[in-house]
Amino acid sequence: MAVVHSPSSTAQSVGAALAALGIVLFALLALYLVGFDQGALSRTGMYMHELMHDGRHLLGLPCH
Ligand SMILES: [Zn+2]
């Protein structure tokens, strides 16, 4: 079964593309904060690292 989307206007296509881009950027930011941040971007010291510690281990990301 194929799902085909045929937008009725260019504005809908641009809107969908921008929404998809926003979702991807948000997902990458969340992945960074959960998996790799150690205070460099969040400026929270090790707070974000400790807050996301269990999630980091659950995802199998390098930690300690
Ligand atoms: Zn750890």
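Taking only the range 1-34 into account, find how many residues are exposed (fewer than 11 other Cβ atoms within 10 Å of the Cβ) and not hydrophobic (A, V, I, L, M, F, W, C). The number of residues fulfilling the criteria is 6. Of the helices (runs of 4 or more DSSP H) lying entirely inside the chain, those carrying at least 1 residues that are of a type outside the set (Asp, Glu) and modelled with pLDDT of 85 or more are 10-35, 53-58.
Here residue 60 passes the criteria (1) surrounded by 13 or more Cβ atoms within 10 Å (Cβ to Cβ); (2) within 16 Å of the ligand (Cβ to nearest atom) except the one numbered (1). How many residues does the range 35-56 contain that are within 10 Å of the ligand (Cβ to nearest atom) and exposed (fewer than 12 other Cβ atoms within 10 Å of the Cβ)? Qualifying residue count, the range 35-56: 2.
The values are calculated or read from the model by the stated rules, or taken from the named source; none is laboratory data. Note that this is a predicted model, so its numbers are computed, not measured. Note that we place each Cβ from the backbone using ideal geometry, even for glycine, and neighbour counts take in every protein chain shown.
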